[in-house]
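Below is one structure, written out as structure tokens, with a few remarks after it.
The values are calculated or read from the model by the stated rules, or taken from the named source; none is laboratory data. Keep in mind that what you see is a predicted model, and the values were worked out from it rather than measured. All Cβ positions, glycine included, derive from the backbone under ideal geometry; neighbour counts span all protein chains shown. To get the accessible areas, we keep the full protein, side chains included, count just its heavy atoms, and leave off ligands, DNA and RNA. Shrake-Rupley method; radii C 1.70, N 1.55, O 1.52, S 1.80 Å.
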Amino acid sequence: MSLRLPLRRLNLETVRELMSKYLEIARDSEDGRITLHKFAQYLHLPVTAVLEEVFSLYDRSGTGVIDFREYIIGLSLVSQPSNTEETIQSAFKMFDPEGTGHITLERLGKIMYSAFGMDALQIRQLFRDVDVDGLGFITYDQFSAHAQKKPEYAKLFHVYQTLHSAREKVQQADEAERRLEYGLDPPQLGLTRSPDVELRERRDGAAAAEEFETAVAGDLRSLTPTAGAKVKVA
């Protein structure tokens, strides 16, 4: 079933399917609502800041639990636009950077551990859930089908990619600033300074050097005994 349906198109059959899915997640909960722990358990993920952010898209009231009404509304938010074909393809490339057309258990494990803190058991369970044909690797069709079945994953990948991209930009900016500070190959960073800026910097540097030399000379004069002065020896 495709879960990317606007609320106005929900019919009785769709509501029943959604209710079945909701009860699957909320299974064994005390009041029949989905807690953060149940949400994480359903996705085979540990509770992290990224997971809490996605959970909050469902928990619109901020009570810490999701009722059925919130689940339906949240599902429409999570499914759009995160589960577009372009987003799913981008997420798949994150696991398959060499373009082999499949994802190995090892590659899946590295990303899911570093991004979401999944342990080995959770990673193996997720791998089995996605590799429904038992191929020993995950194809794009399997990956896409699982993202349609559990759109929360697509949203998680989208959030992770956004954060990862932001961190990379910050690191690049910090590195560029450090290299400029220490005079390390600014042209190689694609950074240029105008001649006016460079001339001003040279003048400021020369003035600072002159000021420093004057101050040092003054200090030396103050330490040199004047004619006729007695030097006290300790």
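Please work out if HIS146 is within 24 Å of TYR22 (Cβ to Cβ), at pLDDT below 90 and surrounded by 20 or more Cβ atoms within 10 Å (Cβ to Cβ).
Answer is no for this residue.
Among the conditions (1) in contact with a strand residue (DSSP E or B) (Cβ under 9 Å, 6 or more places away or on another chain); (2) open to solvent by 80 Å² or more (accessible area, probe 1.4 Å); (3) modelled with pLDDT under 90; (4) of a type outside the set (Lys, Arg), LEU135 misses just one, which is (3).
I'd like the residue in segment 28-76 that is open to solvent by less than 30 Å² (accessible area, probe 1.4 Å) and among the hydroxyl-bearing types (Ser, Thr, Tyr) and, out of all such residues, is farthest from the chain's Cα centre (by Cα). Looking at residues that are open to solvent by less than 30 Å² (accessible area, probe 1.4 Å) and among the hydroxyl-bearing types (Ser, Thr, Tyr), I get SER29. Pairs linking a residue in segment 151-175 that is farther than 30 Å from LEU18 by Cβ to a residue that is assigned to a helix (DSSP H, G or I) and at pLDDT below 70, with Cβ atoms under 9 Å and 6 or more positions apart or on different chains, are GLN172/LEU189; GLU175/LEU189. When GLU85 is tested against the conditions (1) more than 23 Å from LEU135 (Cβ to Cβ); (2) open to solvent by 10 Å² or more (accessible area, probe 1.4 Å); (3) at pLDDT below 80, the lone failure is (1).
ILE73: outside any strand (DSSP E or B) and under 24 Å from ARG128 (Cα atoms), yes or no?
On the way: outside any strand (DSSP E or B): yes; under 24 Å from ARG128 (Cα atoms): no.
Considered against the rule, which asks whether it is outside any strand (DSSP E or B) and under 24 Å from ARG128 (Cα atoms), ILE73 comes out as no.
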